[in-house]
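Heads up, the thing below is written out as structure tokens.
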Amino acid sequence: QVQLVESGGGLVQAGGSLRLSCAASGRTFSRHAMGWFRQAPGNQRELVAGISSGGSTDYTDSVKGRFTISRDNAKSTVYLQMNTLKPEDTAIYYCKLRVPPYNYWGQGTQVTVSS
């Protein structure tokens, strides 16, 4: 049984920073890719950043240079450091653990950026 628990969301002014955390339990975390997704009202869920088991990362263009994804395998936790936040970053943020052929999702954490 895989469980993912996100934390770290909140309300922040434009230009501010937040750090999201996603703690995984129930499986061998270090062997699998992780990702952060977000979904704004009326929009589809989109990939924000991903990190492979080996630590390779990729980002959607709109967050490059502002967001950083990282992982701590000893703590079975993936992080998303978000800097220079913009109102358009407002969304519910979800982490995903990919264990082929399955995807596991957390419950989401709200990020609201005020202008």
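Annotations for the structure displayed:
- Taken over segment 1-22, residues that are β-branched (V, I, T) and either farther than 11 Å from L85 by Cα or modelled with pLDDT under 95 (or both) amount to 2.
- Restricting attention to segment 64-73, the residues being more than 20 Å from Q1 (Cα to Cα), open to solvent by 50 Å² or more (accessible area, probe 1.4 Å) and either in a loop (DSSP other than H, G, I, E, B) or touching a residue at least 24 places away in the same chain (Cβ under 8 Å) (or both) number 2.
- The set of residues in segment 19-42 that are out of contact with any strand residue (DSSP E or B) (no Cβ under 7 Å at 6 or more places or on another chain) and surrounded by 17 or more Cβ atoms within 10 Å (Cβ to Cβ) contains only F29.
- Residues within segment 90-111 that are of a type in the set (S, T, N, Q) and closer than 15 Å to T77 by Cβ, tallied: 1
- For segment 15-63, a tally of residues being under 18 Å from G108 (Cα atoms), of a type in the set (D, E, K, R) and without any contact (Cβ under 8 Å) to a residue 24 or more places away in the chain returns 1.
- Restricting attention to segment 74-97, the residues that are under 16 Å from R45 (Cα atoms) and surrounded by 14 or more Cβ atoms within 10 Å (Cβ to Cβ) total 9.
- Scan of segment 1-18 for residues that are over 16 Å from T90 (Cβ atoms), assigned to a strand (DSSP E or B) and open to solvent by 30 Å² or more (accessible area, probe 1.4 Å), ordered by number: Q3, V5, S7
- Residue match in segment 76-89 (condition: under 19 Å from S7 (Cα atoms), in contact with an Asp or Glu (Cβ under 7 Å, 6 or more places away or on another chain), outside any strand (DSSP E or B) and not β-branched (V, I, T)): no
- Considering only residues in segment 98-115 that are open to solvent by 80 Å² or more (accessible area, probe 1.4 Å) and in a strand (DSSP E or B), the one that is nearest to Q39 (Cα to Cα) turns out to be Q110.
- Within segment 48-59, if we keep just the residues that are farther than 18 Å from L18 by Cα and within 14 Å of the chain's Cα centre (by Cα), the residue that is least open to solvent (accessible area, probe 1.4 Å) turns out to be I51.
The values are calculated or read from the model by the stated rules, or taken from the named source; none is laboratory data. Predicted, not measured: the structure shown is a model, and the values here were computed from it. Here the Cβ is made from the backbone with ideal geometry for all residues, glycine too, and neighbour counts use every protein chain on show. For accessibility, only protein heavy atoms count, side chains too; no ligands or nucleic acids. Shrake-Rupley method; radii C 1.70, N 1.55, O 1.52, S 1.80 Å.
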